[in-house]
Ligand code: 13P
Ligand code: SF4
């Protein structure tokens, strides 16, 4: 018996008026909306720029509107503010955090760093601005391999905060980076056993995964990549069915780009929850996005010294990307 339902685009007509009003407010306020693929469908549809962490950071650096509404999580909005500090950066819900960023408190990370005085620090962009200030380089899942490979082979490296992405990169690059023990609750929730069983129900389906997933899951994947990597793969690949191990919001864009293909969210350990949805990402709603444009709040505000220090490793990443 098949255990998962293929994804279909939903058509929520009741959100139409709100979306139209958001489009009007964007013009009136000279605002731009940047959204990550993990946002709810209606938010993805009103975005001016929809993409992965790297693409959104690159767009945030370029936009010339007065207001950036960041439909994503806090570290993403914070990064936008750091690289374009004169803009007003709004986040529809300031509580939209990230388990990965939270798993690396800056004070603890500073102690860890001090134990390895010769190491270069490479931080995944999913971390706080304070952790970025302790880093030499920032990376995202789409450029991490390139960033690591830009560092001399004999150089000691600390990679933080994602131990799963770090272990994957160690395997890919042959390095032995020292890993901080952080993780993403969404990607750790996927069940290896249930995925194996689902692949038996869909024998023609390819299994694709985000590198924040655990090693056993990654070992059985036909393709591993960032959200934009996963999207590019399903577009160019010739299979018709895919089991997808990343946050379920991406299925909307996959289905739009490949309407004839079938996308099945990878199953999670706990049947009682929608664990493949990021509860932080989903704190943003179309209603909150509308309200934040009307009220121009909540705004991401940061100390200018913190921004200056955190900008350096991000700019190094841009140069290497
Ligand atoms: P990317 O979109 O850069 O692959 O990142 C995934 C993610 O977990 C963002 O929080
Ligand atoms: Fe953080 Fe994971 Fe949510 Fe991405 S999916 S924002 S890494 S908790």
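Restricting region 267-278 to residues that are outside any strand (DSSP E or B) and touching a residue at least 60 places away in the same chain (Cβ under 8 Å) leaves a set whose member that is nearest to the chain's Cα centre (by Cα) is 278.
Taking every residue in region 239-266 that is farther than 22 Å from residue 220 by Cβ and pairing it with any residue that is assigned to a loop (DSSP other than H, G, I, E, B) and within 16 Å of ligand 2 (Cβ to nearest atom), at least 6 positions away or on another chain, the pairs with Cβ-Cβ distances below 8 Å are 249/37; 249/38; 249/39; 249/40; 249/277; 249/278; 252/37; 253/37.
When region 216-246 is filtered for residues that are in a loop (DSSP other than H, G, I, E, B), over 19 Å from residue 143 (Cα atoms) and in contact with a strand residue (DSSP E or B) (Cβ under 9 Å, 6 or more places away or on another chain), the ones remaining, listed by number, are 220, 221, 222, 237, 239, 240.
For the subset of region 289-307 comprising residues that are in contact with a strand residue (DSSP E or B) (Cβ under 8 Å, 6 or more places away or on another chain) and part of a loop (DSSP other than H, G, I, E, B), which member is surrounded by the fewest Cβ atoms within 10 Å (Cβ to Cβ)? Only one residue tops the list, namely 297.
Would region 150-169 turn up any residue that is more than 16 Å from ligand 2 (Cβ to nearest atom) and in a helix (DSSP H, G or I)? No, region 150-169 contains no residue that is more than 16 Å from ligand 2 (Cβ to nearest atom) and in a helix (DSSP H, G or I). Selection over region 214-248 of residues that are closer than 15 Å to residue 198 by Cβ, surrounded by fewer than 19 Cβ atoms within 10 Å (Cβ to Cβ) and touching a helix residue (DSSP H, G or I) at 6+ places or on another chain (Cβ under 6 Å) gives a count of 1. For the criterion of being under 30 Å from residue 25 (Cα atoms), more than 16 Å from ligand 1 (Cβ to nearest atom), buried (at least 20 other Cβ atoms within 10 Å of the Cβ) and at pLDDT 95 or above, residue 251 fails. In the set 81, 115, 87, only one residue is closer than 22 Å to residue 167 by Cβ and away from ligand 1 (no atom under 16 Å from the Cβ); that residue is 115. Residues that are within 14 Å of ligand 1 (Cβ to nearest atom) and assigned to a helix (DSSP H, G or I) were ranked within region 187-215; the one that is farthest from residue 262 (Cα to Cα) is 188.
Scanning region 269-281 for residues that are out of contact with any helix residue (DSSP H, G or I) (no Cβ under 6 Å at 6 or more places or on another chain) and buried (at least 22 other Cβ atoms within 10 Å of the Cβ) returns 280, 281.
Might you check whether a residue that is modelled with pLDDT of 95 or more, within 16 Å of ligand 2 (Cβ to nearest atom), within 14 Å of the chain's Cα centre (by Cα) and closer than 29 Å to residue 115 by Cβ occurs anywhere in region 213-235? Checking region 213-235: at least one residue is modelled with pLDDT of 95 or more, within 16 Å of ligand 2 (Cβ to nearest atom), within 14 Å of the chain's Cα centre (by Cα) and closer than 29 Å to residue 115 by Cβ.
Say whether the condition of being closer than 16 Å to residue 310 by Cα and touching a helix residue (DSSP H, G or I) at 6+ places or on another chain (Cβ under 6 Å) is met by at least one residue in region 36-50. No, region 36-50 has no match at all. Scanning region 128-172 for residues that are more than 14 Å from ligand 1 (Cβ to nearest atom), touching a residue at least 60 places away in the same chain (Cβ under 8 Å) and buried (at least 19 other Cβ atoms within 10 Å of the Cβ) yields 129, 132, 133, 135, 137.
The values are calculated or read from the model by the stated rules, or taken from the named source; none is laboratory data. Quantities reported herein were computed from a predicted structural model and do not represent experimental measurements. Quick reminder, even Gly has a Cβ in these numbers, built from the backbone with ideal geometry, and neighbours come from all protein chains shown.
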